Amino acid sequence: MPMTKLYGKEKWRLVHDNARIHAGKLTQDFLKASQIPVIQHLPYSPDLNPIERVWAHLKKKIMVRAYERLYKIIDILTVEWVKIHETMLESLINGHCDRVARVYESAGDFPI
C-alpha cells in the first residue's frame, strides 16, 4: 500500500543513506516521477537513518555469545526481532525524529 494512502501526503518522508545507488540518476528520476518526498542529508549518515537504531538494539541482544552456524544467528535474530515491543520502536523513532528536526533546523549541520 502506498505510503500516501497510509499517512497522507504531508505526513511522511523517505529517509535513505545517500549511498551511490540511492543518489543515482535512475533512483532520483524514479523518486521525482513518483512524487516521493525525500529528507536530504549528508551521505553515509547512519545516525540519521531510523532503522540503524533498531539494528543497534538488535546487535546488543544477539552479540552476547558466539554462534557456530548462520541459521542459529538467523533464528535468534528472528526471536529478538519479534520481542521488540511497540513502545521500544516508538521510542527509537521519536528520538530519530528529534534528531532529524535538529539537523533540519541547523540547515544540515551536525546536531550537537
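The values are calculated or read from the model by the stated rules, or taken from the named source; none is laboratory data. Since we're looking at a predicted model, the values are computed, not measured. Counting neighbours? That spans all protein chains shown, and the Cβs are built from the backbone with ideal geometry, glycine included.
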Looking at 93, 112, 73, can you tell me which residue is more than 17 Å from residue 15 (Cα to Cα) and either surrounded by 11 or more Cβ atoms within 10 Å (Cβ to Cβ) or at pLDDT 90 or above (or both)? 73
Could you tell me how many of the residues in the range 46-86 are within 23 Å of residue 98 (Cα to Cα) and of a type in the set (S, T, N, Q)? 1
Within the range 3-33, which residues are over 24 Å from residue 53 (Cα atoms), modelled with pLDDT under 75 and of a type outside the set (D, E, K, R)? 4, 8
